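Structure first, commentary second.
The values are calculated or read from the model by the stated rules, or taken from the named source; none is laboratory data. A quick note: this is a predicted structure, and the numbers were derived from the prediction, not measured. All Cβ positions, glycine included, derive from the backbone under ideal geometry; neighbour counts span all protein chains shown. Just the protein is used for accessible areas: all its heavy atoms, side chains included, with ligands, DNA and RNA removed. Shrake-Rupley method; radii C 1.70, N 1.55, O 1.52, S 1.80 Å.
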Amino acid sequence: MSLDPGLRDRILQSVSDGFDEQIAFTQQLVRMPSLRGHEHPIQDFLFRTLRDRGYAMDRFVMDRAAIEAHPGGSKFSDQHSDAPIVVGIHRPNAEAGRSLILQSHLDVVPEGLHDMWSDPPFSARIEGDWMFGRGAADMKAGAAANIYALDALRRIGLQPAATVYVQSVVEEESTGNGALQTFLQGYTADAVLIPEPEDEMLVRANIGVLWFQLQVRGVPVHVREMGEGANAIDGATRLIAVLREIEADWNAEKGKHPHFEEEDHPINLNIGKIEGGDWASSVPSWCNIDCRVSIYPGRSAEDAGREICERIATFAQQDKFLSNNPPKIVFNGFFAEGYVLEPGSDAEAVLGRAHEAAIGAPLKSFMTAGYLDTRVYALYNRIPALCYGPVSRNIHGIDECVSLSSVRRITQAMALFIAEWCGIEPVPE
């Protein structure tokens, strides 16, 4: 049932009343450089933040054996984070409504060259409507919104009449194993909402992602003796061409996949990192290329990975250098399937009403070509998995920033969604 208009207006106003504090809290998060493997301080900070609000607390590490045994588990590497997952649990006086997971991730991608940024990448500088900084949009503004949407209800003496799990995970930018661990730990609910920066829209379909490293090895010689095709870096560049052919073939199949037919280029291969060789005057004997490629929902990572390996091997057998130095492929991160959010759930209807009340327009949905943790809940919990969040610019790029007015609107929509989905009850004295 829709919220009473008077209550709706009180909730909207309560979010606005607490928004200056929410902005300051978001800045605190952005100023903590929570790069992969270095998320311990920020997760401890989130633990204290939730504990101080009176939530029941849980903190646990990832179980590598359990993750590797699960079909949704991604690949571990030496760089895999060992930071804990944090969960704050709101328990109502009486379980009268529908339960909810509010999830965010606090790991961020590397910031790149600092001299390319207008300000230091962890400055959390505000200019006009925009807060700048690595992770400001992806997704520390969303992490703060999870907390402050609940705070807005408390400010007017209300709380959810159902269990709410506020989950803060890591490894979202590398494997998705943090979210999977919450599922393996036993956390589930009637719905999940993850406020990633999605331009005030709901994600309808989401690609899967594979990470892999292409390793080429050869025999080092002096450049005066190098022969055609004896250079590991040259050999690796020829393999990149094979990967581009795979990318083109997969994009040509877009018409077979609902929600992807009208996209210009739904499948993206990124050559994200390359290193090789030891000396400018020595023919390089090694080259490693780190790659990321997307796959359509419904296709397993195992199947896509097998095709990549087979096509690389077929090309190598016909190459003068590579046939004697077979390349190796190591899957070293994301190994995740995509998902489609089927329309028609009650959770989506409730979010649609909340969105329209806060933003003044019908809720739109779209396909996004990046990894999202909502895949865990859509594929394995099998609950309505809503990914919906604020307007942003340059996520993963230089001068990443998030629109503060959009964050306020999104937080208002989230507070309204929580109130209707979970129901409300008075905060105990």
Handout entry: Single residue of region 145-185 satisfying the filter (of a type outside the set (A, V, I, L, M, F, W, C) and assigned to a strand (DSSP E or B)) that is surrounded by the fewest Cβ atoms within 10 Å (Cβ to Cβ)
Key = Y165
Practice task
Determine whether region 203-211 contains at least one residue that is aromatic (F, W, Y), touching a residue at least 40 places away in the same chain (Cβ under 8 Å), closer than 24 Å to C291 by Cα and open to solvent by 10 Å² or more (accessible area, probe 1.4 Å).
Solution key: yes
Fill in the blank from the handout: Within region 78-89, of all residues that are open to solvent by 30 Å² or more (accessible area, probe 1.4 Å) and touching a residue at least 24 places away in the same chain (Cβ under 8 Å), the one nearest to A141 (Cα to Cα) is D82
Fill in the blank from the handout: Those residues of region 245-263 which are of a type in the set (K, R) and surrounded by 12 or more Cβ atoms within 10 Å (Cβ to Cβ) amount to K254
Problem - Residue in region 59-68 that is open to solvent by less than 40 Å² (accessible area, probe 1.4 Å) and not in a helix (DSSP H, G or I) present - result: yes
Problem - Subset of region 97-129 (residues that are under 17 Å from L150 (Cβ atoms) and open to solvent by 40 Å² or more (accessible area, probe 1.4 Å)) - result: R98
Problem - Elements of type strands (runs of 3 or more DSSP E) in region 318-389, at least 1 residues being of a type in the set (D, E, K, R) and modelled with pLDDT of 95 or more - result: 328-336
Problem - Filter result for D290 (under 27 Å from S323 (Cβ atoms), touching a Phe, Trp or Tyr at 6+ places or on another chain (Cβ under 9 Å) and crowded, with 17+ Cβ neighbours inside 10 Å) - result: yes
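Going through P297, P284 one at a time, which residue ends up being modelled with pLDDT of 95 or more and part of a loop (DSSP other than H, G, I, E, B)?
Details: P284 fails: modelled with pLDDT of 95 or more.
Unique residue meeting the criteria: P297.
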